[in-house]
Amino acid sequence: MKKQFVVIGMGRFGTSVAKTLSNLGFEVLAIDSDEIRTQEISNIVTHVVQADSTDEEALRALGLRNFDVVVVAIGEDIQASILTTIILKEMGVPKVIVKAQTELHGKVLRKVGADKVVFPERDMGQRVAHHLISSNIIDYIELSEDYSIVEILATGQLVGKTLRQLDIRAKYGCNVMGIKTGDRMNIAPYADDIIKQNDILVVVGKNTDLQHFEMTFGE
């Protein structure tokens, strides 16, 4: 059985999540209190309901505890976001993922039982900043406050050398998790694997070490 998802809040983030899950073939129930927003998403997702997510009776009537994951993507209304999270966890929803506006909002969400807190605006800002630092940075994903993963396009000093020659772990404190060559991903590459032009290196490490690595090999 495929997982079933609920997305509450059809703003830009919620709509993007709902559309993506639906396009991937999953069953998605979209919920929003605004009639226009529910109409706009109705032809894309499996089911749409206009409801107030802070109304406990309304949520219970929808049987949300039977869904695998509920994404709370409520925008500016922090109080509604927190109250909705509390209601969902008290109902027994197995996994609740919630969008947070600020670090303080995120801390409160974790306290009231959110299984995962995401910061889409902050994370996108970080990605844009890393793209600005270097045009070679393909993607940047924060794993925790101290560790991240970066994808960097291999050009210049990286090309034609083996991982052993570059000695990235010793010099920069980072680990190369994989090398993408076209559509092929080489997981856990060997020390003698040669890096080719336009390969993509998937590198994990402390943020400070990754910054040093980016500044050295980014162009």
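The values are calculated or read from the model by the stated rules, or taken from the named source; none is laboratory data. These numbers come from a predicted model, not from an experiment. So basically every Cβ, Gly included, is an ideal-geometry build from the backbone, and we count neighbours across all protein chains shown. Surface areas here come from the heavy atoms of the whole protein model, side chains and all, with no ligands, DNA or RNA. Shrake-Rupley method; radii C 1.70, N 1.55, O 1.52, S 1.80 Å.
With respect to the numbered conditions (1) under 20 Å from Val96 (Cα atoms); (2) touching a residue at least 12 places away in the same chain (Cβ under 8 Å), which one is the sole condition not fulfilled by Glu40?
If we test Glu40 against (1) under 20 Å from Val96 (Cα atoms); (2) touching a residue at least 12 places away in the same chain (Cβ under 8 Å), just (1) comes out false.
Please work out which residue is nearest to Ser53 (Cα to Cα), limiting yourself to the stretch 67-77 and to residues that are touching a strand residue (DSSP E or B) at 6+ places or on another chain (Cβ under 6 Å) and open to solvent by 20 Å² or more (accessible area, probe 1.4 Å).
Phe67
Listed here are the residues, each with its yes/no results for (1) surrounded by 14 or more Cβ atoms within 10 Å (Cβ to Cβ); (2) within 21 Å of the chain's Cα centre (by Cα).
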residue: Val117; (1), (2): yes, yes
residue: Pro120; (1), (2): yes, yes
residue: Ala154; (1), (2): yes, no
residue: Gly160; (1), (2): no, no
residue: Gln197; (1), (2): no, no
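If Leu24 satisfies all but one of (1) touching a Lys or Arg at 6+ places or on another chain (Cβ under 9 Å); (2) among the aliphatic types (A, V, I, L, M); (3) at pLDDT below 95, what's the number of the condition it fails?
With (1) touching a Lys or Arg at 6+ places or on another chain (Cβ under 9 Å); (2) among the aliphatic types (A, V, I, L, M); (3) at pLDDT below 95 applied to Leu24, the lone miss is (1).
Please find, among Ile152, Ile97, Ile179, the residue that is touching a residue at least 60 places away in the same chain (Cβ under 8 Å) and either in contact with an Asp or Glu (Cβ under 7 Å, 6 or more places away or on another chain) or outside any helix (DSSP H, G or I) (or both).
Testing whether each residue is touching a residue at least 60 places away in the same chain (Cβ under 8 Å) and either in contact with an Asp or Glu (Cβ under 7 Å, 6 or more places away or on another chain) or outside any helix (DSSP H, G or I) (or both) leaves just Ile152.
Which number in (1) crowded, with 17+ Cβ neighbours inside 10 Å; (2) assigned to a loop (DSSP other than H, G, I, E, B) marks the one condition that Ala80 misses?
Ala80 satisfies all of (1) crowded, with 17+ Cβ neighbours inside 10 Å; (2) assigned to a loop (DSSP other than H, G, I, E, B) except (2).
Is one or more of the residues making up the stretch 129-142 in contact (Cβ under 8 Å) with a residue 24 or more places away in the chain and more than 30 Å from Ile195 (Cβ to Cβ)?
no
When residues of the stretch 184-195 are filtered for being closer than 17 Å to Leu166 by Cα and loosely packed, with under 13 Cβ neighbours inside 10 Å, how many remain?
Here is the first cut: in the stretch 184-195, the ones closer than 17 Å to Leu166 by Cα are 188-195.
Narrowing the set further to residues that are loosely packed, with under 13 Cβ neighbours inside 10 Å leaves 188, 190-192.
Final tally of qualifying residues: 4.
Identify the single condition in (1) within 21 Å of Ala30 (Cβ to Cβ); (2) at pLDDT 95 or above that Lys111 does not satisfy, given that it satisfies every other one.
(1)
Of the numbered conditions (1) of a type in the set (A, V, I, L, M); (2) under 16 Å from the mean Cα position of the chain (by Cα); (3) surrounded by 18 or more Cβ atoms within 10 Å (Cβ to Cβ), Ile141 satisfies every one except a single condition; which is it?
Of the numbered conditions (1) of a type in the set (A, V, I, L, M); (2) under 16 Å from the mean Cα position of the chain (by Cα); (3) surrounded by 18 or more Cβ atoms within 10 Å (Cβ to Cβ), the odd one out for Ile141 is (3).
When you go through Gly125, Gly106, Gly113 one by one, which is the residue that is assigned to a helix (DSSP H, G or I) and closer than 30 Å to Met91 by Cα?
Sole residue among the options that is assigned to a helix (DSSP H, G or I) and closer than 30 Å to Met91 by Cα: Gly106.
Could you count how many residues in the stretch 12-66 are part of a strand (DSSP E or B) and open to solvent by 80 Å² or more (accessible area, probe 1.4 Å)?
The total comes to 2.
Look through Thr208, Thr181 and report the one residue that is open to solvent by 90 Å² or more (accessible area, probe 1.4 Å) and closer than 27 Å to Met124 by Cα.
Thr208
Test of understanding: among Leu62, Leu21, which residue is over 19 Å from Lys116 (Cβ atoms), touching a strand residue (DSSP E or B) at 6+ places or on another chain (Cβ under 8 Å) and not acidic (Asp, Glu)?
When all the criteria are applied, what remains is Leu62.
Within the stretch 84-113, track down each residue that is of a type outside the set (D, E, K, R) and farther than 19 Å from Val69 by Cβ.
Gln101, Thr102, Leu104, His105, Val108
Conditions: (1) within 27 Å of Glu145 (Cα to Cα); (2) more than 21 Å from the chain's Cα centre (by Cα); (3) of a type in the set (Val, Ile, Thr). Val17 meets all but one. Number of the miss?
(2)
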